[in-house]
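Worksheet: one structure, shown below.
The values are calculated or read from the model by the stated rules, or taken from the named source; none is laboratory data. Everything numeric here is computed off the predicted structure, so don't read it as measured data. Positions of Cβ are backbone-derived with ideal geometry, glycine not excepted, and every protein chain shown enters the neighbour counts. Side chains are part of the model used for accessible areas, which takes the heavy atoms of the whole protein and leaves out ligands, DNA and RNA. Shrake-Rupley method; radii C 1.70, N 1.55, O 1.52, S 1.80 Å.
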Amino acid sequence: MTAPLLQLDAVTMQFGGLRCLSDFSFAVGEHELVGLIGPNGAGKTTVFNLITGVYRPTGGKITFAGKSVVGHRPYRITARGIARTFQNIRLFSSLSVFDNVRTACNMHLQHGISHALLRADGFAREESEIESSILELLEIFGLTAERDFSCRALPYGDQRRLEIVRALATRPKLLLLDEPAAGMNPTEKIELMKLIRFTQEKFGLAVLLVEHDMRVVMGICQRITVLDYGKKIAEGTPGEIRRDPNVIAAYLGKEADA
Amino acid sequence: MIEFIQQLINGLSQGSIYALIALGYTMVFGVLRFINFAHGDVFMLGGFAGLYTAPVLLKFFGGGPSFPGATAVLLAAMLICAVVGIAIERLCYRPLRDRPRLTVLITAIGVSLFIESTGQYVFGVNPQSFPEIITDRAIEIPESWGAVSALTITAGQLIVIGVTIFLLIGLRAVVLYTRLGMAMRALSFNPLVASLMGVNTDVVISFTFGLGSALAGAAGILTSIQQPSIDPLMGVNAGLKAFVAAVLGGIGNISGAALGGVLIGFLEALVVGYINPTYRDAIVFAVLILILLLKPSGLLGTSEREKV
Amino acid sequence: MIDRSKSLLLLAFVVCGVLSALAGNINPYYYDIIIGVGINIILAASLNLVNGYTGQFSLGHAGFMAVGAYSSSWLTLSFGHLLGLNTPGTTTTYVLALIAGGLMAALAGLAVGIPSLRLRGDYLAIVTLGFNEIIKGIIQNAEPLGAQRGLGGMLQHTNFFWTYAFAALTVYIVLSLVHSTYGSGFLAVRDDEIAAEAMGINTTKYKVLAFVIGAFLAGIAGGLYAHFKQFIHPEGFNFLRSFDIVVMVILGGMGSTAGVCLAAVLLTILPEWLRAVSGYPWLPEWLRPITENRMILYSLLLIILMLTRPQGLFGGVNLKRKKS
């Protein structure tokens, strides 16, 4: 059994007097599609923020591809191969669709500032390579026609898709999706499920999904972990989770048994 | 040691001025989350309001400096400044309530410079002397009190400190015990929820501006008792130092503003007394940069995290 | 497109050279204005990199101009005779002094940029203002730099060619940076720092870089200014000077280089026009103070601009939308 790609060991996160996450252990293997669910305020986005370096854990270890990511700035964690989307879409509002994706290509530049200024042949070549790779991505996700539109002009569903495309441009090994189905209607959600599965297969990624909509989670995740009040209360296949009494109690309260 | 206490007394009276101005910065930041660059200039307008109302009011109370006359001038200046503050908010800041904070900041800078440059035109660039509204004299400390009698305390200093304490108590009463005060506090915690609970945001914000500006106006009069030379740019330096005081105490925190004002006053007095008067301004700037780097929430403030 | 911008730059240099040679004996008053426009273009475009493209609100740009002005002046005054700079016209080595001034200003930019990293909007603005005052204060107490008396005696090495060559270079630097994948880092930092970091962009690097490059160019502008006016004084580089440049950037539209250049032209000519107008006998009395005191008009202009059209003339950044 190969070592997991992402490993959290007894991670704790405390903000002053509030303990958001307690003793949380968790792993994601390469090419796995894992879901993280739980009632509101359970600590799911906190987990994302800890993995991506926005927060620093109060205790515990987080390793990615065998090396620790604790204490690193977020941009360095992204360079290691973890990309994310946000619960409230965080596109670069003044930029076009194309330019939004281009920002994510910045980290892979071979050439630095002197090339941007001196503009020799190497620069032109690299810029056109980047342009082709961006267009390729946009093509795959059906955003080619909108490449020069302001990203704010896109409908909500397309904006979410763009956020995923942008994250993919960082060439990650692990993709974190924070409530990608929020605000979507049922048809869009089905499209999204297909999109996530397609993305995972085409790019050979591991995907960690935080989501509220049970159908989406149950529909595509191979494995699900459940959080409640910062603690892991269950872990298993969708079928197991669906029947787990702890999970039912957490979501519906003790009345579920009555 | 006596020397030290002397500096502390000087610092306390100057610090009272800073505290009064700092309160305006902190209250406005509390309800609107923005730094009113133009606040220092309201302080200056308070001084000039006193300049123009003093002759009339003093004559009414029998001519010459007097306690009721001085009180009248103080109240007049406070009222005028309150009106000015409310007008500025209504005309220049309210239309920008929904815009990014940067836009309002730039506007505030514009308002500040407009008041200063128009002031220079209307009042003239040269300093003018403020009329004597109350007799300032050194207070004789009896020899029998021992070493303490070597201190120089003026009536002016006592008046400044006394009036400031009085105003601070009054402010505290308003903030803690009146409905408007409670509304101010609610707004500073969560504007959206406050308005959902029936708080009339516009009225409360106007009230906050009026209150802060009135205090700045009072500071303008109090400072003129001790330094009777006023000019249209006097708000720049004092305003900046009061701002540093507000940040030092914890911006958004009323007790913090008072504390910060007094501390900055002490610091200035000590620098002038023991180091070098020419470094007075630079040290205050250095304090600002230090706080912002080390503890941006100030001594009594709480830090706010951005939700990701 | 890539080669094109470089050849455009070279073309600009040639045009500058030709115009400079043809200019001959132009009215000194107009010449003064033309040089002033060129210098303000450099200042506005370089500030736009910091404020407009990277979203760091700097209110202390004149401080960097001062560092450049004083550094280059001190160099030419101290070593000019060694490098053959005794007569204006032997100006190639003068450019070295200019660049040295720019580098000193860049160092100042580093000193200001690094501590400012953790500060947001309002606080950053005030700290940069503070640094402007500190730089001014240091100069005022430095005897070798003339302290409160000012520094004079520089030869007028600055001419049309050098001013506009550097202006063209400034525009080239800013535009070529911003329109490259490398430069998209600046824009990302402006729009959303957290998302930028998540996309692998080192936000610290870009913020500091913006300050350093902006300061370098402002330093060059300072050197050009010092060797044109032949006398500099610390009060000429105070907050009001910084404010002038900020108004140009806002009027032009933060994030639009073309806009700020146009605004620089307009706002350099405006005070001169006002001065001319204030002398007209038919001017109504109540308008006179506005024409005589430029600051009244500028501040009013700024307030009205913020209330009605915050994106300025060619605004690239949307300042009207509600921040969510």
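Things to note:
- Residue count for segment C:50-79 under the criterion of being of a type in the set (Val, Ile, Thr) and open to solvent by 10 Å² or more (accessible area, probe 1.4 Å): the result is 2.
- Test: B:Thr118 is more than 14 Å from B:Asp41 (Cβ to Cβ), buried (at least 17 other Cβ atoms within 10 Å of the Cβ) and facing chain C (nearest Cβ under 7 Å): no
- Look at segment B:252-266: where a residue is within 16 Å of B:Asn10 (Cα to Cα) and a partner is open to solvent by 20 Å² or more (accessible area, probe 1.4 Å) and not in a helix (DSSP H, G or I), sitting 6+ places away or on another chain with Cβ atoms under 7 Å, you get B:Leu259/B:Leu299; B:Leu259/B:Leu300.
- Members of segment A:136-167 found to be small (Gly, Ala, Ser), assigned to a helix (DSSP H, G or I) and either touching a strand residue (DSSP E or B) at 6+ places or on another chain (Cβ under 7 Å) or at pLDDT below 90 (or both), listed by number: A:Gly157, A:Ala167
- Counting residues in segment B:17-32 that are open to solvent by 10 Å² or more (accessible area, probe 1.4 Å) and among the polar types (S, T, N, Q) gives zero.
- Pick from segment A:12-31, criterion over 8 Å from A:Gly230 (Cβ atoms) and within 14 Å of chain B (Cβ to nearest Cβ), ranking: surrounded by the most Cβ atoms within 10 Å (Cβ to Cβ): A:Gln14
- Breaking point among (1) within 11 Å of another protein chain (Cβ to nearest Cβ); (2) farther than 21 Å from A:Pro180 by Cα; (3) surrounded by fewer than 20 Cβ atoms within 10 Å (Cβ to Cβ), for A:Arg119: (3)
- Single unsatisfied condition, A:Leu143 versus (1) crowded, with 19+ Cβ neighbours inside 10 Å; (2) under 16 Å from A:Val207 (Cβ atoms): (2)
- Against the list (1) away from chain C (no Cβ under 14 Å); (2) touching a residue at least 40 places away in the same chain (Cβ under 8 Å), the condition B:Phe189 fails is (2).
- Within segment A:221-243, the set of residues being in a helix (DSSP H, G or I) and crowded, with 20+ Cβ neighbours inside 10 Å comprises just one member, A:Ile241.
- Filtered residue count, segment A:146-169, keeping only those that are touching a residue at least 40 places away in the same chain (Cβ under 8 Å) and within 13 Å of another protein chain (Cβ to nearest Cβ): 12
- In segment A:77-107, residue farthest from A:Phe64 (Cα to Cα) [restricted to those that are facing chain C (nearest Cβ under 8 Å), in a helix (DSSP H, G or I) and not hydrophobic (A, V, I, L, M, F, W, C)]: A:Asp99
- Subset of segment C:104-134 that is away from chain B (no Cβ under 11 Å) and buried (at least 20 other Cβ atoms within 10 Å of the Cβ) - its residue that is nearest to B:Leu105 (Cα to Cα): C:Gly113
- Scanning segment C:208-235 for residues that are open to solvent by less than 10 Å² (accessible area, probe 1.4 Å) and not hydrophobic (A, V, I, L, M, F, W, C) yields a total of 6.
- Extreme residue, farthest from B:Ile230 (Cα to Cα), among residues of segment B:123-144 that are part of a helix (DSSP H, G or I) and not charged (D, E, K, R): B:Ser144
- Within segment C:175-199, the residues that satisfy the criterion of being among the acidic types (Asp, Glu), surrounded by fewer than 23 Cβ atoms within 10 Å (Cβ to Cβ) and facing chain A (nearest Cβ under 9 Å) are C:Asp191, C:Asp192.
For (1) within 12 Å of chain B (Cβ to nearest Cβ); (2) touching a Phe, Trp or Tyr at 6+ places or on another chain (Cβ under 9 Å); (3) assigned to a helix (DSSP H, G or I), each residue gets a yes or a no:
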site: C:Glu235; (1), (2), (3): no, no, yes
site: C:Val246; (1), (2), (3): yes, yes, yes
site: C:Val249; (1), (2), (3): yes, no, yes
site: C:Met254; (1), (2), (3): yes, yes, no
site: C:Val260; (1), (2), (3): no, yes, yes
site: C:Trp273; (1), (2), (3): no, no, yes
site: C:Met295; (1), (2), (3): yes, yes, yes
site: C:Ser299; (1), (2), (3): yes, yes, yes
site: C:Leu307; (1), (2), (3): yes, no, yes
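- Complete set of residues in segment B:31-51 that are within 20 Å of C:Gly121 (Cβ to Cβ), assigned to a helix (DSSP H, G or I) and within 14 Å of chain C (Cβ to nearest Cβ): B:Leu32, B:His39, B:Gly40
- The residues of segment C:143-174 that are surrounded by fewer than 18 Cβ atoms within 10 Å (Cβ to Cβ) and within 14 Å of chain A (Cβ to nearest Cβ) amount to a single one, C:Leu169.
- Residue within segment A:183-194 that is assigned to a strand (DSSP E or B), more than 12 Å from the chain's Cα centre (by Cα) and of a type outside the set (Asp, Glu) present: no
- Look at (1) assigned to a loop (DSSP other than H, G, I, E, B); (2) surrounded by 22 or more Cβ atoms within 10 Å (Cβ to Cβ) and you find that B:Ala108 fails only one, number (1).
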